[in-house]
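Just so it is clear, none of the values below were taken in a lab; they were calculated from the coordinates. Since this is a predicted model, take the numbers as computed values, not measurements. Every residue, glycine as well, gets a Cβ built from its backbone with ideal geometry; the counts of neighbours run over all protein chains shown.
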Amino acid sequence: MKDTGSGEDNNVAPSIYSHVSRPGSHRYKNAKKGLPFNLMIVGEPGLGCSTFLNTLCERTVIPASEPPNPEQAHIAIPMQFKHYSVDMEEDGMKIILNIIDTPGFASGTDNETCFNQIQEYLETQFDDVLAEENRIKRNPKFKDSRVHAVLYFINPTGHSLREMDIELMRRLGSRANVIPVIGRADSLTPRELVLFKQRIMNDIQEYNIPVFSFPDSNEDDDVVDEETAEENAELRAMMPFAVVGCEEVINDDGRPVRVRSYPWGIVQVDNDEHSDFDRLRYVLLNSHIGDLRDQTQNAIYELYRTEKLSASSEPSSTQQHTAHPQSLVA
Ligand SMILES: Nc1nc2c(ncn2[C@@H]2O[C@H](COP(=O)(O)OP(=O)(O)OP(=O)(O)O)[C@@H](O)[C@H]2O)c(=O)[nH]1
Ligand SMILES: [Mg+2]
């Protein structure tokens, strides 16, 4: 069954985090019903995934999880895929944010099952599109549920990536735009965070982990204008994004501000000096929403489609798959 957040709400308040959007995102402003963006969140229990999503949506979409019953603590809870849909508005652009949360990920000893389930989930969405492309009569109401980005939450240990992180990101990187994120980043001091980010990026390079990269003008034949190339270089240097989430909103001179209050001070979620939350939010819902969708549809799905069709041994089924691959692009 599908859990829906406040997806029915048509009078969506513009985000308190709104900036001026980059020209690239304006091409979707005509998406009258809203531009669908499918976002999956994966992370170990307690890393702040749900809080991050609620912060992103600026409302409680995912309720706080019930504390586990101590008498049943020995029973591993299977991972679930929970769906939420939220209407958002970002600088005049309507976005239908479809969230896939994965509570229970890595909460038992058998991570392999979780990895397989997530990979299968991503591939099933591709299979649905492939099947739809090949129908003689297309379903006009077909919902494209290919996942446009997977946020992978890394534990703020301060060490480096663990085997589990490497294995999961490696496996999912060919099936989705994986964006690594350090959860609960306020647990590290600024200096620890710099070192931790460096170690993670070294591991990503060393183990050839295919995470989403913000393209450089030299690397990409597509036109990446100077402004975008500069912005992308800045974003690459910031990776992995260190996020802080919080549900508490305080009034700061008439401006609603999300803060985590501690006896020794406060952490402001949207303050760039405290957290990369605001930059990541902007990447997902504004500057790179088009790139993430295009990359999913034109590169990742295409690769999957080719693999799948090449593997198909039946000559008749190969002939069937001749529909134009772009035909389902919203
Ligand atoms: N210090 C700190 N705590 C956080 C942050 N985000 C969430 N928390 C706290 O961490 C705890 C777990 O947060 P959740 O958002 O429920 O974490 P989750 O990853 O969704 O965990 P489960 O759904 O329980 O598996 C809560 O007590 C949150 O208040 C953060 O950025 N910093
Ligand atoms: Mg959660």
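The order of the peptides 80-88, 290-298, 34-42 by mean Cβ neighbours within 10 Å, most packed first, is 34-42, 290-298, 80-88.
Measure up Lys137/Lys308; Lys32/Lys308; Lys94/Lys308; Lys32/Lys82; Lys32/Lys137; Lys143/Lys197 against 32 Å on the Cα-Cα distance and list the ones that go over.
Check vs 32 Å cut-off fails for Lys32/Lys308; Lys94/Lys308; Lys143/Lys197.
Extending 7 Å from Cα along the Cβ direction at Leu309 and again at Ile75 yields two label points whose distance is 4.7 nm. Average projection, convex hull of the Cα set of the stretch 200-307: 10.0 square nanometres. Annotation: extensible slack from His83 through Val267 equals 63.3 nm (criterion: 0.36 nm per residue apart, minus Cα-Cα distance). For the stretch 235-297, the spherically averaged projection of the C-alpha convex hull amounts to 5.6 nm². Under 12 Å Cα to Cα from Lys141, which aspartates and glutamates show up? Leave out anything in the same chain fewer than 8 places away. Filter leaves Glu132. Compute the Cα gyration tensor for the stretch 161-237, then decide on rounded, prolate or oblate, letting a ≥ b ≥ c be the square roots of its eigenvalues: rounded whenever a/c is under 1.5, prolate when a/b is larger than b/c in the other cases, and oblate in all that remain. Because a/c hits 1.5 or more and a/b fails to exceed b/c, the stretch 161-237 counts as oblate.
Using a Förster distance of 22 angstrom, determine the FRET efficiency expected from the C-beta separation of Glu248 and Ser65, and round it to 0.05.
Rounded to the nearest 0.05, the efficiency is 0.75.
Any idea how far apart Arg191 and Asn134 come out in nm if each label point goes 7 Å out from Cα toward Cβ? According to this spin-label approximation, the distance is 6.0 nm.
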